[in-house]
Amino acid sequence: QVLEQAGKSVTAALKAFESSLVEQVKSGNSAIDDVAKEKARAIASEMFSLVNKLIPETFYDGEYYERGEGKQWSDGLGCQYLMRLLLIMPAVLREVDLPIREYDQAVCYVRELLDFVAQNHKQFFNESFHLPNELYESEPTVPSLISPRIRRACCSREE
């Protein structure tokens, strides 16, 4: 089965995630903001790289996708593949021998991306992914863990 994009591409979701992170870390202090924005962009870039390395692991038997020359997996695949990846990510992270601090950080990034996609699901997924008469209950937003960490790291550098 040839894979098709349904809804927005994974790249579009990851770019929106990056923009969201950059907005979250703004503090009003331009020196701190510049460093914080770069850290937010670096996190998004790491996620982008990881997604493009691992997305083929989400294909079911018989699924394939022809990437164009110079294209990333994320350019032509829809967000359902990002969600598949986020679902298997805990197993992937358990198999990687990471120091506990890096493991915690990776889990934090994955959780943040998952929360972002879930909160913006209507923007990223087309109607075929919504059940008929589906109701979404508003849940309290879980506060971001990434942006406070970035701000703390940037502020401690300034001192």
Could you give me the residue pairs with C-beta distances under 9 Å whose first residue belongs to the range 48-70 and is touching a residue at least 60 places away in the same chain (Cβ under 8 Å), whose second residue is loosely packed, with under 10 Cβ neighbours inside 10 Å wherever it lies, and which are 6+ apart or on separate chains? 63/2; 64/2; 65/2; 65/4; 66/2
Output the qualifying pairs, or none if there are none: Cβ atoms under 9 angstrom, residues six or more apart or on different chains, first residue in the range 21-38 and under 14 Å from residue 148 (Cα atoms), second residue open to solvent by 80 Å² or more (accessible area, probe 1.4 Å) and at pLDDT 75 or above. 21/41; 22/41; 33/26; 36/26; 37/26
For residue 86, which of the numbered conditions (1) over 17 Å from residue 12 (Cα atoms); (2) aliphatic (A, V, I, L, M); (3) open to solvent by less than 70 Å² (accessible area, probe 1.4 Å) fails to hold? (1)
Please give the number of the condition residue 94 fails out of (1) over 28 Å from residue 148 (Cα atoms); (2) open to solvent by 60 Å² or more (accessible area, probe 1.4 Å). (1)
Working only within the range 59-79, note down all residues that are at pLDDT below 85 and open to solvent by 10 Å² or more (accessible area, probe 1.4 Å). 59, 60, 61, 62, 63, 64, 65, 66, 67, 68, 76
Hey, can you tell me all the residues within the range 102-132 that are modelled with pLDDT of 85 or more, of a type outside the set (S, T, N, Q) and in a loop (DSSP other than H, G, I, E, B)? none
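The values are calculated or read from the model by the stated rules, or taken from the named source; none is laboratory data. Fair warning: this is a prediction, and the values are worked out from it, not measured in the lab. Cβ atoms come from the backbone with ideal geometry, glycine included; neighbour counts cover every protein chain shown. When the accessible area is computed, the model is the full protein with side chains, heavy atoms only, and any ligands, DNA or RNA have been set aside. Shrake-Rupley method; radii C 1.70, N 1.55, O 1.52, S 1.80 Å.
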